[in-house]
Amino acid sequence: MALKVEKLKVNFKTLEEFKKFKEYGIQELSMLEDLEANMVEDHNDSPFYGIYFGDKLVARMSLYQVDAKFDRYFYPPQSYLELWKLEVLPEYQEKGYGRTLVEFAKSFGLPIKTNPRVKSSGFWEKLDFANVDYDMERDRGENPLVWYPEGVEAQH
Ligand code: COA
């Protein structure tokens, strides 16, 4: 069965599903507060994309488009996607969900930057992500990985 990536809505159901993910944190809590205070409408788009198995959310990632004027990673400088909170629930790992989400992110045709968790480097290598030349001022504590679409290279 083909896996379908969906843009997730900000609502109480989605936020309840998010509690099953290890990386539930300040971003989710702030979305919850905004909902409870009626500061966002139920069903507003969130920066999250996910894959459902039946009606259960089993994989998700967050994607944010960074404006070209802030690009310190790619040449020529351009808008790129920052990908974070990629996570597949334990029983669903190694079944192609992670790959499907990352390939969906690639389909926008923009370069991608992520700051992966330790121990997932084998996964990112399979998906053609590369290390950057570490720049202390730019990267500080991070250890970013990037993906270059055709015609894009590292900024020096
Ligand atoms: N190390 C090396 N290779 C890995 C890997 C890992 N941790 N996880 C997946 N792969 C490989 C798969 O074998 C597969 O290879 P193939 O295309 O040759 O068959 C490819 O990467 C795509 O795998 P996929 O099934 O899409 O991965 P996934 O759905 O399990 O998603 C993670 C990958 C890392 C996002 C997911 O496992 C996850 O959320 N893990 C949470 C915790 C974590 O980071 N664990 C890392 C190991 S401790």
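The values are calculated or read from the model by the stated rules, or taken from the named source; none is laboratory data. Remember, it's a predicted structure, so these values are computed and weren't measured experimentally. In this analysis, Cβ positions are derived from the backbone assuming ideal geometry, glycine residues included, and neighbour counts consider all displayed protein chains.
A few comments on the model shown:
- Answer residue from the stretch 76-98, given it is in contact with a strand residue (DSSP E or B) (Cβ under 8 Å, 6 or more places away or on another chain) and more than 12 Å from the ligand (Cβ to nearest atom) and is farthest from Tyr49 (Cα to Cα) among those: Ser79
- Yes/no for Glu17 being in contact (Cβ under 8 Å) with a residue 12 or more places away in the chain, touching an Asp or Glu at 6+ places or on another chain (Cβ under 6 Å), within 25 Å of Tyr92 (Cα to Cα) and of a type outside the set (Phe, Trp, Tyr): no
- Only residues that are out of contact with any helix residue (DSSP H, G or I) (no Cβ under 8 Å at 6 or more places or on another chain) and part of a strand (DSSP E or B) were counted in the stretch 51-79, giving 6.
- Residue in the stretch 144-152 that is among the β-branched types (Val, Ile, Thr), more than 8 Å from the ligand (Cβ to nearest atom), part of a loop (DSSP other than H, G, I, E, B) and surrounded by 13 or more Cβ atoms within 10 Å (Cβ to Cβ) present: yes
- Test: Val58 is within 10 Å of the ligand (Cβ to nearest atom), in contact (Cβ under 8 Å) with a residue 12 or more places away in the chain and crowded, with 17+ Cβ neighbours inside 10 Å: yes
- Look at the stretch 117-129: where a residue is part of a loop (DSSP other than H, G, I, E, B) and a partner is within 6 Å of the ligand (Cβ to nearest atom) and not hydroxyl-bearing (Ser, Thr, Tyr), sitting 6+ places away or on another chain with Cβ atoms under 9 Å, you get Arg117/Leu86; Arg117/Glu87; Ser120/Leu86; Ser120/Gly98; Leu127/Gly98; Leu127/Arg99; Phe129/Phe123.
- Checking each residue in the stretch 105-156 for being among the hydroxyl-bearing types (Ser, Thr, Tyr) and closer than 17 Å to Val88 by Cβ picks out Thr114, Ser120, Ser121.
- Selected residue [under 17 Å from the mean Cα position of the chain (by Cα) and either modelled with pLDDT of 95 or more or more than 20 Å from Ala2 (Cα to Cα) (or both)] from Phe74, Phe129: Phe129
- The lone exception for Gly109 - which of (1) on the phi > 0 side of the Ramachandran plot; (2) not in a loop (DSSP other than H, G, I, E, B) it fails: (2)
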